[in-house]
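Working notes, beginning with the structure itself.
The values are calculated or read from the model by the stated rules, or taken from the named source; none is laboratory data. All values derive from a computational prediction rather than experimental measurement. Ideal geometry is used to build each Cβ from the backbone, glycine not excepted, and the neighbour counts take in all protein chains shown.
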Amino acid sequence: MTELEQNITSYFGVMKDDSLQAISSRFQPETLKKGDFLLKTGKPCNKLSFIKSGLLRVYKQTEDKEVTQWISTPSYFVTDLSSLLFGSPARWNIQALTNAELFTISGGNYKSIGNVVPNWHELEKLFIAKCFTTLEDRVFTHLSMTAEERYTQFFEYNKELFNQVPLQYIASMLGMTAETFSRIRNKQLS
């Protein structure tokens with residue numbers, strides 16, 4: 001089983017080999033260079049990508065700052081799910097922070113999976129539920145933890161990102177100012 005197939009199974013659930021092959025065969029390799037955009041705010045999102053290697057930042061520019069929603073790492077999927085499923089303009093920019101290798105499925109191929117995988121709608125529901133659960137966990141973390149607790153938890157699970165990503169992006173993703181992040185970081189390092 002390929003890495004892509006393992007992650008499809010992880011996200012969408014266990015399926016028959018022919019269904020897994022039907023899904024994975026619709027993904028095509030794609031590369032991004034550091035700084036390239038996978039998606040820009042306001043444009044239609046017509047793809048879902050699995051990150052084989054590299055880092056991508058999901059963010060939005062507001063009137064006075066950039067807000068990082070997520071930093072996507074290898075073995076995760078990345079898209080603007082609302083735009084992909086409902087055809088609305090993308091809410092997020094998705095930009096490569098490093099050179100990246102992706103496996104990408106077009107929106108049309110994604111929507112046609114149900115024609116070849118009999119239980120696709122059940123599998124897709126599990127995928128969306130997993131995305132929703134991740135969002136719920138993140139909201140709960142922001143509501144129930146202090147900035148220092150959020151920093152500590154994120155650092156425990158993502159130490160490598162602190163040397164690969166500009167720290168202001170991590171601060172924004174954790175819902176704190178760069179100054180608060182720096183204060184907490186200095187306290188943790190001492």
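Checking Val67, Val14 one by one, the residue that is part of a strand (DSSP E or B), surrounded by fewer than 17 Cβ atoms within 10 Å (Cβ to Cβ) and of a type in the set (Val, Ile, Thr) is Val67 and no other. Contact map, region 1-27: first residue within 16 Å of Lys52 (Cβ to Cβ) and modelled with pLDDT under 85, second residue in a helix (DSSP H, G or I) and of a type in the set (Lys, Arg), Cβ cut-off under 8 Å, separation 6 or more or different chains; pairs are Tyr11/Lys130. Candidates are the residues of region 144-166 that are under 15 Å from Arg183 (Cβ atoms) and charged (D, E, K, R); the one that is surrounded by the most Cβ atoms within 10 Å (Cβ to Cβ) is Arg150.
Quick check, is Tyr59 more than 27 Å from Glu5 (Cα to Cα) and crowded, with 17+ Cβ neighbours inside 10 Å?
yes
Residue count for region 85-110 satisfying the condition of being surrounded by 14 or more Cβ atoms within 10 Å (Cβ to Cβ) and either farther than 24 Å from Leu32 by Cα or among the aliphatic types (A, V, I, L, M) (or both): 8.
From the list Ser75, Ser83, Ser49, which residue is under 18 Å from the mean Cα position of the chain (by Cα), in contact (Cβ under 8 Å) with a residue 24 or more places away in the chain and part of a helix (DSSP H, G or I)? One residue alone meets the criteria, Ser83.
Identification of helices (runs of 4 or more DSSP H) wholly contained in region 127-190 with 1 or more residues that are without any contact (Cβ under 8 Å) to a residue 60 or more places away in the chain and β-branched (Val, Ile, Thr) yields 147-157, 178-189.
Could we say that Ser190 is modelled with pLDDT under 95 and either surrounded by 13 or more Cβ atoms within 10 Å (Cβ to Cβ) or closer than 20 Å to Lys60 by Cα (or both) here? Considered against the rule, which asks whether it is modelled with pLDDT under 95 and either surrounded by 13 or more Cβ atoms within 10 Å (Cβ to Cβ) or closer than 20 Å to Lys60 by Cα (or both), Ser190 comes out as no.
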